[in-house]
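Undergrad: Please find one structure pasted underneath; my questions will follow.
The values are calculated or read from the model by the stated rules, or taken from the named source; none is laboratory data. From a predicted model like this one, the values you see are computed outputs, not experimental measurements. When we count neighbours, we look across all protein chains shown, and the Cβ atoms used for this are built from the backbone with ideal geometry, even at glycine.
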Amino acid sequence: MQATPQSAKFISPGQRLIWLVAAAIDLYALSLVLLLAANLFAGERFNVIAIINNVLHLPLLLSPLVLVIALPLRRFRAIVLLLVSLGFTVNHYLPNFLPRTLPTPEGRVVSIYTHNILARFEPDTTYATEIEIIRNADADIVLIQEMGFRTAAEFAARLGDVYPHRALHPQPWANSGQGAFSKYPILEDEFWHLDDYIHLGHQRMVIDIDGTSVIVYNIHPLHPGMVNMDVSKRTEDVQTVIDRVAADPPDMPAIIAGDFNLTDLTADYRSFRRTGFRDVHRDVGRGFGFTFPATDPVQLLRLDYVFYNDYWTPLTSQVIRQAGQSDHYPLLVTLELNAP
């Protein structure tokens, strides 16, 4: 019988596991840095990057944990790459966890509530819980996404005593319907969507707040999952909103709010920021501000936003942890109106 060479070593299951973990850490660290570099140099030129960007925050938020595991394994190259990802993550999210000094309002404070109530088609469907949440929030302006005809009738009947002004655009396919309720007069109202493929709806209003005309957008861009994960369709939808915003008078206070169906690491989010509008949650909110999915114990995506232009001072941003039967939590913000 031939003797086993003494140089041959037995590899224990524990050693195999360590090697597998080390390889996974190396791959994870390299992939994150490559994704960040691809965004920096190529943007979302490739659809696969655009798709990943919608959830890129999730692996980034794991980087501190992975770094802790990599340190005792002495994966020095991976540690350097992880520090790059961690630096990006800390720079992006840490401000929303630090103490803030908020201004004391001296002028008119306006509260805005936005909620995707989730279109439901059962004959006995009621939105009593969602309506009660709205009444308790007591916002000045309420923006609703996914409004059908029965929904519009129920909301109008149960909110009319609080909100004397409304602009409702229910649709046969309720997912594309929009609606607004206001304590202030609605002077203008327009609803649109693109018809060349499945699209959700958008709404633009002019509201008179104590003599100041304010533009309010209630938007609901297309979800890429509705068109075979083609993010360019959402980008086209977002661009229709941005084009209208660009055509607005520059000396009017304006708000863009709704279910944007995007996260804040996407190019479409950056397109809104390039208009000069700012994200209320990023400026005064606390925590990650995740609003979806409200039906699960843990929320992982921030899809609902309120953006404002230079004629506002943001004061608060709150995700209301009550959703009724919707898969989105409502977002309630307050801003001080600085009349031009």
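Undergrad: Across the stretch 105-125, what is the total count of residues that are in a loop (DSSP other than H, G, I, E, B) and either surrounded by fewer than 18 Cβ atoms within 10 Å (Cβ to Cβ) or modelled with pLDDT under 90 (or both)? Show your work before the answer.
TA: Filtering the stretch 105-125 for residues in a loop (DSSP other than H, G, I, E, B) gives 105-107, 117-125.
Next cut, either surrounded by fewer than 18 Cβ atoms within 10 Å (Cβ to Cβ) or modelled with pLDDT under 90 (or both) only: 105-107, 120-125.
Within the stretch 105-125, residues that are in a loop (DSSP other than H, G, I, E, B) and either surrounded by fewer than 18 Cβ atoms within 10 Å (Cβ to Cβ) or modelled with pLDDT under 90 (or both) number 9.
Undergrad: I'm trying to understand the selection: among the residues of the stretch 40-61, which are modelled with pLDDT under 95 and under 15 Å from G87 (Cβ atoms)?
TA: L40
Undergrad: Follow-up. What are the pairs with Cβ atoms under 8 angstrom where one residue, in the stretch 201-226, is under 17 Å from W173 (Cα atoms) and without any contact (Cβ under 8 Å) to a residue 12 or more places away in the chain and the other, located anywhere, is of a type in the set (A, V, I, L, M) and buried (at least 19 other Cβ atoms within 10 Å of the Cβ)? Sequence gap at least six, or different chains.
TA: none
Undergrad: OK, next. Determine, yes or no, whether L67 is surrounded by fewer than 14 Cβ atoms within 10 Å (Cβ to Cβ), under 23 Å from L300 (Cα atoms), within 31 Å of the chain's Cα centre (by Cα) and modelled with pLDDT of 95 or more.
TA: Details: surrounded by fewer than 14 Cβ atoms within 10 Å (Cβ to Cβ): no; under 23 Å from L300 (Cα atoms): yes; within 31 Å of the chain's Cα centre (by Cα): yes; modelled with pLDDT of 95 or more: yes.
No; evaluated as a whole, the condition is false for this residue.
Undergrad: Modelled with pLDDT under 95 and either surrounded by fewer than 22 Cβ atoms within 10 Å (Cβ to Cβ) or out of contact with any Leu (no Cβ under 6 Å at 6 or more places or on another chain) (or both): is that true of A339 in this structure? Don't jump to the end; show me each part of the working.
TA: Values: modelled with pLDDT under 95: yes; either surrounded by fewer than 22 Cβ atoms within 10 Å (Cβ to Cβ) or out of contact with any Leu (no Cβ under 6 Å at 6 or more places or on another chain) (or both): yes.
Taking the combined requirement at face value, the residue satisfies it.
Undergrad: Okay, moving on. Of everything in the stretch 39-64 that's of a type in the set (A, V, I, L, M) and surrounded by fewer than 17 Cβ atoms within 10 Å (Cβ to Cβ), which residue is nearest to N228 (Cα to Cα)?
TA: Residues of the stretch 39-64 of a type in the set (A, V, I, L, M): 40, 42, 48-52, 55-56, 58, 60-62.
If we keep only those that are surrounded by fewer than 17 Cβ atoms within 10 Å (Cβ to Cβ) as well, we get 40, 42, 48, 55, 58, 61-62.
Values: L40: 25, A42: 22, V48: 12, V55: 17, L58: 22, L61: 27, L62: 28 Å.
If we take residues in the stretch 39-64 being of a type in the set (A, V, I, L, M) and surrounded by fewer than 17 Cβ atoms within 10 Å (Cβ to Cβ), then V48 is nearest to N228 (Cα to Cα).
Undergrad: Residue by residue through the stretch 160-182, note down the ones that are touching a helix residue (DSSP H, G or I) at 6+ places or on another chain (Cβ under 7 Å), hydrophobic (A, V, I, L, M, F, W, C) and closer than 15 Å to T114 by Cα.
TA: If the condition is that a residue be touching a helix residue (DSSP H, G or I) at 6+ places or on another chain (Cβ under 7 Å), hydrophobic (A, V, I, L, M, F, W, C) and closer than 15 Å to T114 by Cα, then L168, F181 are the ones that fit.
Undergrad: I'm checking my understanding of the structure. Among residues of the stretch 37-68 that are part of a helix (DSSP H, G or I) and out of contact with any helix residue (DSSP H, G or I) (no Cβ under 9 Å at 6 or more places or on another chain), which one is nearest to G287 (Cα to Cα)?
TA: Residues of the stretch 37-68 that are part of a helix (DSSP H, G or I), as a first pass: 37-42, 47-53, 57-61, 63-68.
Checking which are out of contact with any helix residue (DSSP H, G or I) (no Cβ under 9 Å at 6 or more places or on another chain) leaves us with 37, 40-41, 48, 58, 65, 68.
Values: A37: 26, L40: 26, F41: 29, V48: 28, L58: 14, L65: 18, V68: 22 Å.
By that ranking, first place goes to L58.
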